[in-house]
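J.: Below is the structure I would like to discuss, written out as structure tokens.
The values are calculated or read from the model by the stated rules, or taken from the named source; none is laboratory data. Model, not experiment: these values are computed from the prediction. Heads up, the Cβs are rebuilt from the backbone with ideal geometry, glycines too, and the neighbour counts pull from every protein chain shown.
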Amino acid sequence: MAEFSWVSRSPLQHALVAGAYGARDVEPGVSLTEVRNFELIQIMARRGRWADLASAAKTRFGVAAPDVPKAIQSPDAALIWSGPDQFLVLSKGGKHTFAPLSQAFSQSASLSDQSHARALIGVSGAKARTMLAKLSSIDLHPTVFPIGAAAATSIDHTSVNLWRGNDRPDGQAVFNLLVFATFAESLWHTILDAAAEYGVSIAYAEELA
Amino acid sequence: MRIVCPFCGERELGEFTYLGDAKPVRPAAGASEDEVFDYVYLRDNVAGETSEHWYHGGGCRAWLKIARNTLTHEISSVEPAAGVGAAKVGA
């Protein structure tokens, strides 16, 4: 019998070419960083059980679960609001995988493992907000979209979870995008088209920003 | 046109899908054929205030019940449809 070795690959394995893209004679205005190999679990409260879920989440993560569009950072995970009575748990290094979370929330919620079902793209740089304004009607100005703000929205007719992570060390805002794996390449090219005029610096990372 | 989603805030029309009239109520199991026919097929073509179901598929994926004036497109209320975001309904 044939032996198969299953190796997980990023949905952007082909499309992402690390390095420079677009305008070359300027300092890159947009930097795109794909984060690979993360755990992502969708948690949805059963009907009428949000209070139970919120309390179990507080016990498990040590922070309150988001009940409005926000991304809440715990010491080892990000809890990202994804809709009424539901949120995503994003983490690295096997700290919050499907099995233990299923145990923790078995009384109050239904869970679904999305670890290999989404691509995670971090958008930053001096022109990040200008570039995203071409693609999204969400107001990303820091006064209304501070660190931790989140939105479930669409970019180029593609559903995304968008949230603002911690600023980069140089003070630039970071906008994180979670997109369905099979739409990742399409969205990636849309973003490259929008960002090309500002000069783009492309990379991938193993660590969450 | 923009819709203020009770969960997400103000969003553009493109994120929403129109389902239809929110008024018809499913008849009881023993209802007559006429009643079922009315429920399935017959809709009023209202010029004025209507109650409609919309779906925020491009956002939080909640079903919404919206009161809209078909003459002015003015939206007077947006609320979660029954069973959606149970924690927030009636809050």
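J.: Quick one: A:Ser102 ticks every box in (1) in contact (Cβ under 8 Å) with a residue 40 or more places away in the chain; (2) away from chain B (no Cβ under 11 Å); (3) of a type in the set (Gly, Ala, Ser) bar one, so which box is it?
T.: All conditions are met except number (1).
J.: With the requirement that a residue be β-branched (Val, Ile, Thr) and either assigned to a loop (DSSP other than H, G, I, E, B) or surrounded by fewer than 16 Cβ atoms within 10 Å (Cβ to Cβ) (or both), what does segment A:130-170 give you? Outline the logic, then answer.
T.: Quick first cut of segment A:130-170, residues β-branched (Val, Ile, Thr) only: A:130, A:138, A:143-144, A:147, A:153, A:155, A:158, A:160.
Result: A:Ile138, A:Thr143, A:Val144, A:Ile147.
J.: Can you find even one residue in segment A:23-34 that is touching a helix residue (DSSP H, G or I) at 6+ places or on another chain (Cβ under 9 Å), hydroxyl-bearing (Ser, Thr, Tyr), within 25 Å of A:Ser159 (Cα to Cα) and assigned by TED's automatic domain parsing to the domain that holds A:Ala152?
T.: We begin by selecting, within segment A:23-34, every residue touching a helix residue (DSSP H, G or I) at 6+ places or on another chain (Cβ under 9 Å); these are A:23, A:26, A:28-32, A:34.
Next, only the ones that are hydroxyl-bearing (Ser, Thr, Tyr) stay: A:31.
Next cut, within 25 Å of A:Ser159 (Cα to Cα) only: A:31.
From what's left, assigned by TED's automatic domain parsing to the domain that holds A:Ala152: A:31.
Scanning segment A:23-34 turns up at least one residue that is touching a helix residue (DSSP H, G or I) at 6+ places or on another chain (Cβ under 9 Å), hydroxyl-bearing (Ser, Thr, Tyr), within 25 Å of A:Ser159 (Cα to Cα) and assigned by TED's automatic domain parsing to the domain that holds A:Ala152.
J.: From B:Thr50, B:Thr70, B:Thr17, which residue is among the polar types (S, T, N, Q), within 14 Å of another protein chain (Cβ to nearest Cβ) and either exposed (fewer than 13 other Cβ atoms within 10 Å of the Cβ) or within 15 Å of the chain's Cα centre (by Cα) (or both)?
T.: Details: B:Thr50 fails: within 14 Å of another protein chain (Cβ to nearest Cβ); B:Thr70 fails: within 14 Å of another protein chain (Cβ to nearest Cβ).
B:Thr17 is the lone residue from the list that is among the polar types (S, T, N, Q), within 14 Å of another protein chain (Cβ to nearest Cβ) and either exposed (fewer than 13 other Cβ atoms within 10 Å of the Cβ) or within 15 Å of the chain's Cα centre (by Cα) (or both).
J.: Please state which one of A:Val7, A:Val68, A:Val17 is assigned to a loop (DSSP other than H, G, I, E, B), out of contact with any helix residue (DSSP H, G or I) (no Cβ under 9 Å at 6 or more places or on another chain) and within 14 Å of chain B (Cβ to nearest Cβ).
T.: From the options A:Val7, A:Val68, A:Val17, the qualifying one is A:Val68.
J.: On to the next question. Hey, among the residues in segment A:145-188 that are free of Cβ contacts under 8 Å to residues at least 60 places away in the same chain and within 10 Å of another protein chain (Cβ to nearest Cβ), which one's nearest to A:Val35 (Cα to Cα)?
T.: The residue in question is A:Val160.
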